[in-house]
Amino acid sequence: MTAPCLHEVVSRQAGRTPDATAIDGVGTLTYRELDRRANAVAQLLQARGIGRGSLVAVCLPRSGDLVVAMLGVLKAGAAYLPIDPALPPTRIAFLCADAAVSLALTSRRWSDRLPGDPLCLDGLSEKDDPPDPGTTPSAPACVMYTSGSTGRPLGSVIPHRAVLRLVRGNGFVPITATDRVAHASNICFDASTFEIWGALAAGACLVVFPDELVLDPRSFAAELRSRRISSLWLTSAYFDLIGATVPDAFATVDQLLVGGDTVHASTVRAVLAAGRPGRLLNAYGPTENTVFSAWYEVRDVPPHAVTVPIGFPVPGTEIQLLDDRLRPVGPDEVGELYLGGEGLALGYHRRPDATAARFVAVAGARLFRTGDLGRYRQDGALDHLGRRDRQVKLRGFRVEPAEVEAALTARPGVAQAVVVARREPARLDAWVVPERATGEGVVGQWRRLYDEVTYRGIDGGDPRFNITGWVSSYTGEPLPEAEMREQVEQTVARLRELRPRRVLEIGCGTGLLLLPLASETETYWGTDFSAVALAGLGPQVAGLPQVRLLNRRADDFSGIAGETFDLVVLNSVVQHFPSVHYLLRVLRKAVRVLRPGGAIFLGDLRSLPLLEEFHRSAGSRRGRQAVAEGVRQEPELVLDPDLFPALAQWFPEIGDARVQLRRGWADNELTHFRYDVVLRIGDQAGTGEPEWLDWPLDGEPADVLRGLVPPFGVRGVPNARLAGSGVHPEEFWRLAERLGLAAEIGWSADPHAFDAVFHHPGTPAPASPQRTSARRPADYATDPIFAEQARTLGPRLRRELAASLPDHLVPSVITVLPRLPLTSNGKVDLDALPEPALGAPTLQPARSVTERAVAEIWARVLGVPEVSVADNFFDIGGNSLKAAQVIEELRRTFDPRLPLVRLFDLPTVRAFSAALDDRGCTPGFSGERNRGRLRRARRRVGEPG
Ligand SMILES: C[S@@+](CC[C@H](N)C(=O)[O-])C[C@H]1O[C@@H](n2cnc3c(N)ncnc32)[C@H](O)[C@@H]1O
């Protein structure tokens, strides 16, 4: 008798036990029903010309209908390609196109997810045997896709004989007609091949588990008992989850197979202690050798073991451990696992290149090169020792980081991408470098923000002193009026010192500077890109013919003749420029419209050396990483004061650059972290270098300085505004006044200290040293264009990838970098990649007991230090497995009857907690332990205990 094909084995079984249950659970069927419905499918297919050599997509969820469709395809002589209907439609379309399927089978419920004209199997009748297509055991039975290292997934073509070698008399997992085999794995997983055909070839019952049960460890465990499951396969990740939650879940299972990734000894120990299954097997193997290649029965775990061996070859499989030159390695040596025998795939579907690279001839035998490393133990069992390439397993799925990298770089706006898989917690992290964008977008955003948000309340308040939009970065509240008055007065005083006659103010806003100064000038032009600001200011300048208001962007100097002004003012506007290059463009044009001897006043500039300190002070509670993240994603242009003395190398017209601290006694972000600069055009007649004294002085400052001849300076005075102790800069300005002198106070090399130069008020201060430097302009500034990309690109890419790739290929975190770190030989330096950016840099803390508890649980499950209530669970490392873990922990903390609230619909702590509160779960803290927990939690958020 010739060897049978897979469908023939099932049909014969149906002939032997027609009334036995073949499928139980979703879509219950007897063997007769299964066989006869599959006949109907085969006949429909044959009528459409499907037969030997055809490939048919089967897109249905786990169910009796799915198995009917698969069996029907085989009976028609074709092979099936299983497609999970939960995949994004673009991924489904890609798979169908890549595999060049002849037809797709589905049901009406899913038909709109499939391209072309799928065949819906609803309301199928039963039929007698279809015409025999003459399939042989070496013909393809199915194509199973896995992640591909070249960026494209690869479909392994599995012949009938390979599946039969897995499921018939395989000697290591005997399945008989009395068995009840769970079908709980994803249908795209090769393990489903074992579950489905293992059961049906033996006349056993295949028990189909719906997704809701699989995602919920406790319900899953309960179902194992109530459905009397005797054989079960699980990914090692899910085994870990159940082992941690319900370790006695498997006590009633006869054979439990665990695989897909490293099996952890700790979980095995817990399960063996709590309720050992009849047999517990570690089952190893790649799809290319049809599900299982090696197996190991775990009876106990030695005390120090961390993992479990993969054991011995399954019957019909040859395993060779070879070195790089395809020679067998010696005993105790590590080699790469090569697999051969009946289970081998025919190759990769429509990919001769990949087939030739991975299916190789060694001493006359055809072997599959796994990329897995292994070593024989003393007892002859094999240990798995990781991979020789970057391939990883996540939740049992094979993941080639290169495939995800290719998917990322194919998206618009991405120049480069690196993807790394981490094991604890298991997730994919990606780093991307965006393509360089122009500043247009950033300028447009600021303009919209001003017009539509900042200046919305512009009509209220005092029109002569309109401080709309001046808000605290810490609280978002308006800055106190008294502090604003002090700041405006100090700035106006500084501008008056420049004796302005003809002024161009760029970004004049509500006219805080223009209104007190314009009447003292011949000409005062104010420009601003906010039409709303200028519309509000217009009536205030109606009686001032010298004032002209122009609605335009800062870099628009059109219609302004050269040498028109003697002062250009840019106060508190530069921080909204998109880049240092935009600033330089504005300065170049400003220099042109200035007369010789004119000046540019740049006020309220934010200090780059103090940026980190600013973010720390802004109350970011997420520690160092979040401060670094805040700096990296800083949306404003923040400048190193050293830029200004260096400007002369690019603008020879600039004869002098003075940097000064902001004046004022108020303690706020303006006085602490900001400064002013005056650039003068043309040669400057300054006095010579002052005599410098170093801090601390030798006595009372007033006494020491009184004896000196100006100009003189004091260096390195600790700035009380920043250093906590030290001298307040205002004290030095006051001291200068008492001495009848003027003082210029700028930052020291250490930005927590200042340098003060004292000179006669009537004589110019000593010329500030001009510096040339090897630094490029960009080195002196933050990069708002990049920051905008860093903020928006990651979430956008995650959304786009989620719409086109299966869940396990979507990185949990996508960090945007200006460039990738490289090793000395030009490769990406994986070790130098920064920690992935998890969550928003500013922590939004929990406000209620529920939020607090939920946030703590998320943080624990995701392995992150803290979770902000606005963080999206799936943006900070969450996936469906972790969602199940979260629910499990919530049940322990809140209420054991907690329903499986859908984290997918409520992905933030805030939304999730609100749903819990709505369901009345907060008071559900039950038992003494939980009451104590509740009291502690309430105390932490300041609620009454
Ligand atoms: C914080 S206000 C300062 C207003 C005024 N200079 C002062 O000191 O009171 C900043 C102003 O600059 C304007 N602005 C910001 N970026 C600009 C740009 N790129 N071009 C033109 N105006 C801009 C805004 O509309 C806003 O009115």
How would K127, K75 line up by accessible area, probe 1.4 Å, largest first?
-> K127, K75
How much net charge surrounds V329 when only other residues with a Cβ under 15 Å from its Cβ are counted (Lys, Arg +1; Asp, Glu -1)?
-> -1
Longest principal axis of the chain (C-alpha) makes with the long axis of helix 623-632 (C-alpha) an angle, in degrees to the nearest 10, of 70
Calculate, for the stretch 226-278, the solvent-accessible area per residue in square angstrom, rolling a 1.4 angstrom probe over the heavy atoms of the protein chains.
-> 31
Estimated vicinal HN-Hα couplings, Hz - the stretch 86-95 in sequence order (Karplus 6.51, -1.76, 1.60; Gly, Pro = x) | 7, 5, x, x, 5, 5, 4, 5, 4, 4
Semi-axes of the chain's equivalent ellipsoid from the Cα gyration tensor, sqrt of 5 times each eigenvalue, largest first, rounded to whole Å?
-> 71, 29, 28
Table column - 3J(HN,Hα) (Hz), the stretch 397-402, Karplus curve with 6.51, -1.76, 1.60, x for Gly and Pro | 7, 6, 10, 9, x, 4
Which of S607, S266 is most accessible, then next, and so on - probe 1.4 Å | S266, S607
Efficiency of FRET from Cβ geometry, V453 and S226, R₀ 60 Å, rounded to 0.05 = 0.55
accessible surface per residue for the stretch 647-763, probe 1.4 Å, DNA/RNA/ligands not counted, whole Å² -> 43
Heavy-atom accessible area with a 1.4 angstrom probe orders D831, D429, most exposed first, as D831, D429
Near the amide H of L637, under 5 Å away, which other amide H atoms are found, from residues 5 or more places off or on another chain, if H is placed in the peptide plane?
-> H576, F577
To the nearest 0.05, how large is the calculated FRET efficiency for T409 and T136 if R₀ is 45 Å and r is the Cβ-Cβ distance?
-> 0.60
What percent does the relative contact order of the chain come to when contacts are Cα pairs within less than 8 Å and at least six residues apart?
-> 8
Tell me, in nm to one decimal, what length is gained between E497 and R299 on full extension, where the rule is 0.36 nm per residue of separation less the Cα-Cα distance?
-> 62.5 nm
Could you list which residues have their amide H under 5 Å from that of G311, counting only those 5 or more apart in sequence or on another chain, with H placed in the peptide plane?
-> L382
Hey, what D do you get for the stretch 174-247 in µm²/s if you plug the Kirkwood alpha-carbon radius into Stokes-Einstein at 20 °C and 1.002 mPa s?
-> 172
If the viscosity is 1.002 mPa s and the temperature 20 °C, what translational diffusion coefficient in µm²/s does Stokes-Einstein give for the stretch 480-684 when Rh comes from Kirkwood over Cα pairs?
-> 121
To the nearest 10 square angstrom, how much accessible area does E440 have with a 1.4 angstrom probe?
-> 110
Stokes-Einstein diffusion coefficient of the stretch 222-312, Kirkwood radius over Cα pairs, 20 °C, 1.002 mPa s, in µm²/s | 164
Taking only Cα atoms, what is the 0 to 90° angle, nearest 10, from helix 64-75's long axis to the longest principal axis of the chain?
-> 60
To the nearest 500 deg cm²/dmol, what mean residue ellipticity at 222 nm is calculated for the chain from DSSP H runs of n ≥ 4 alone, each contributing -39,500 (n - 2.57), summed and divided by the residues?
-> -9000 deg cm²/dmol
Accessible area of Y474, 1.4 Å probe, to the nearest 10 Å²?
-> 90
Proximal charge balance of R299 [Cβ under 11 Å; K/R count +1, D/E count -1] = 0
Each label sits 7 Å from Cα toward the beta-carbon; between D694 and E835 the label points are separated, in nm, by 3.7
Could you calculate the FRET efficiency of Q546 with A749 from 1/(1 + (r/R0)^6), where r is the beta carbon distance between them and R0 is 60 Å, rounded to 0.05?
-> 0.90
Which percent of the accessible heavy-atom area of the chain goes to carbon and sulfur, probe 1.4 angstrom?
-> 51
If you line up the long axis of helix 729-738 against the longest principal axis of the chain, both from Cα atoms, how many degrees apart are they, to the nearest 10?
-> 0
Size of the stretch 759-819 along its principal axes in angstrom, Cα-based, largest extent first?
-> 73, 25, 14
Spin-label pair E477/A273, simplified geometry with 7 Å Cα→Cβ offset, distance in nm = 5.4
Cα gyration tensor category, rounded, prolate or oblate, for the stretch 95-231 with a/c compared to 1.5 | rounded
Rounded to one decimal in nm, the spacing of the 7 Å Cα→Cβ label points at R350 and T30 is 4.2
From a point 7 Å beyond the Cα of S773 in the direction of its Cβ, which residues of the stretch 666-705 have a backbone N at a distance under 18 Å?
-> 674-680
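The values are calculated or read from the model by the stated rules, or taken from the named source; none is laboratory data. Just so we're clear, the structure is a prediction, and the values are computed from it rather than from any experiment. Note that we place each Cβ from the backbone using ideal geometry, even for glycine, and neighbour counts take in every protein chain shown. The accessibility values were calculated without ligands, DNA or RNA, using every heavy atom of the protein model including side chains. Shrake-Rupley method; radii C 1.70, N 1.55, O 1.52, S 1.80 Å.
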